Amino acid sequence: MKRIVGLFSLVVACWVTVGCLDDSITGTRPLFLSVTATPVAAAVDVPITFSYSAEGTRLIRVILNYGDGVVDTVTFPGVPVAVAGETFHSYSISGSFTTRATIEAMNGVFSSEATVQIN
């Protein structure tokens with residue numbers, strides 16, 4: 001009798017865990033991405049921190065185009081539904097630069113921008 005109760009509890013726990021992450025139950029999540037720069041103004045060769053957070057269905061990677069010809073790509077292991085992280089970038093010349101971050105997912109792409117002023 002104890003074996004059956006233990007097995008039943010295990011099956012219920014596994015079903016709940018798998019069911020919460022199953023896209024056939026929760027549906028397709030809309031893509032969303034935000035990117036921020038800190039600081040928004042800096043001197044040449046001073047690192048800028050670019051923070052990003054994204055949500056969606058089966059996220060693949062985020063691509064950051066810093067606006068000066070440099071591009072970074074962060075690829076996610078597995079297929080998460082939410083990610084957050086940061087990258088660092090220094091500009092070698094002064095000017096206004098717009099960083100375009102793009103999240104790629106199984107159901108599309110979504111972009112967001114952040115602008116910095118380099119003196």
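Computed values, structure above
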| quantity | calculated |
| --- | --- |
| FRET efficiency estimate (nearest 0.05) - Cβ-Cβ, R61 to N119, R0 30 angstrom | 0.40 |
| Rough spin-label spacing in nm, given labels placed 7 Å along Cα→Cβ, for V44 and V74 | 2.9 |
| For the stretch 28-118, radius of gyration divided by Kirkwood radius, i.e. Rg to Rh on alpha-carbons | 1.01 |
| Label zone at V109, where the point sits 7 Å out along the Cα-to-Cβ direction: the stretch 55-84 residues whose backbone N lies under 12 Å | 61-65 |
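A short reminder: the numbers here are calculations on the coordinates, not readings from a lab. Here the structure is a predicted model, which means the values were calculated and not measured. In this analysis, Cβ positions are derived from the backbone assuming ideal geometry, glycine residues included, and neighbour counts consider all displayed protein chains.
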